[in-house]
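Step one of this worksheet: look at the structure below.
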Amino acid sequence: MRLKGKVCVVTGSSRGIGAAIARAYAREGATVAVTYKSSKEAGEEVARECGSELCLPLDVCSRESIRACFAAVAERHDRIDVLVNNAGVNRTGDFDEITDEMWDDVVDTDLKGVFLCCQEALPHLPDNGRVINIGSLSGEYGGPRTPSYAAAKMGVMALTHCMARFVAHRGITVNCLSPGVIDSDLTTQSMPPFLKEKILPLILLGRLGRYDEVTEAAIFLASEGASYVTAQTLSVNGGAWVR
């Protein structure tokens, strides 16, 4: 078991990629704190699957909520070995259709939320801890109908470098895991069939990614096998390219 004995917090882990990472970490022997924003029932179901007693409310846009969540984990387990900043939203629209409200919703959650979680985790991260920020292919090339999401995810990559520099002296690694187009709940909601048909030819492997292909990368970055990997963006995107 690659994560045996590790205490892990996965933000936004009541569904989608976050839930998949939480389950994968539990299978690798980790103690996982599952977090949710709106669906306590969904969070509790994932926690049961992970064999975890920790299912905590978390709004990553609220420093107070983050502080309370992390304090609850530390009170039970004294530390947070691995933080996965996964919580995120996407509001799609053409460039000239994005409203102030849409922009603020995405950037506050997907970028500021990651910053707040990283900052609030610092007192609880032991030396040689791990921080994994979930990015996106959109942040690497600019999604066609996701300007706020793309900007936020590019910001996450830069934030990853900043924090990695700040904590390197403690042996803490900070990396960005950047999935491509994954067959997930978020993809189903935000991508109409015609857009999927346009995207598939731009993926060298010719298909959408799977949850397990993302979780294997997440396990690696959290494990001792990645002890000399920091300030990096690991893209799991099937060889996606832009023409």
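Bear in mind these aren't lab numbers, they're just calculated from the coordinates by the rules spelled out. Note that this is a predicted model, so its numbers are computed, not measured. Ideal geometry is used to build each Cβ from the backbone, glycine not excepted, and the neighbour counts take in all protein chains shown.
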DSSP loop chymotrypsin sites (Phe, Trp or Tyr not before Pro) with at most 11 other Cβ within 10 Å: longest gap in the chain: 1-227
Percent relative contact order for the stretch 7-100, counting Cα pairs under 8 Å at least six residues apart, stands at 32
Rounded to whole Hz, the Karplus (6.51, -1.76, 1.60) HN-Hα couplings of the stretch 35-46, x for glycine and proline: 10, 9, 9, 10, 10, 4, 4, 5, x, 5, 5, 5
Taking 0.36 nm per residue of separation and subtracting the Cα-Cα distance, what length does fully extending Ala68 through Thr99 add? 8.0 nm
Stokes-Einstein diffusion coefficient of the stretch 13-89, Kirkwood radius over Cα pairs, 10 °C, 1.306 mPa s, in µm²/s: 129
For the chain, compute Rh as the Kirkwood radius over C-alpha pairs and then the Stokes-Einstein diffusion coefficient at 37 °C and 0.692 mPa s; write the answer in µm²/s, rounded to an integer. 184
Listing Met157, Met163 by rising number of other beta-carbon atoms within 10 angstrom, fewest first, gives Met157, Met163
So what's the convex hull volume per residue for the Cα atoms of the stretch 112-216, in Å³? 118
Summing -39500 (n - 2.57) over every DSSP H run of at least 4 in the chain, dividing by its residue total and rounding to the nearest 500, the 222 nm mean residue ellipticity is -13000 deg cm²/dmol
Proxy exposure order for Leu234, Leu204, Leu221, Leu58 (fewest C-beta within 10 Å first) is Leu204, Leu234, Leu221, Leu58
The relative contact order of the chain, taking Cα pairs under 8 Å that sit 6 or more residues apart, comes to a percentage of 18
Using Cα pairs closer than 8 Å and at least 6 residues apart in sequence, work out the relative contact order for the stretch 110-240, in percent. 30
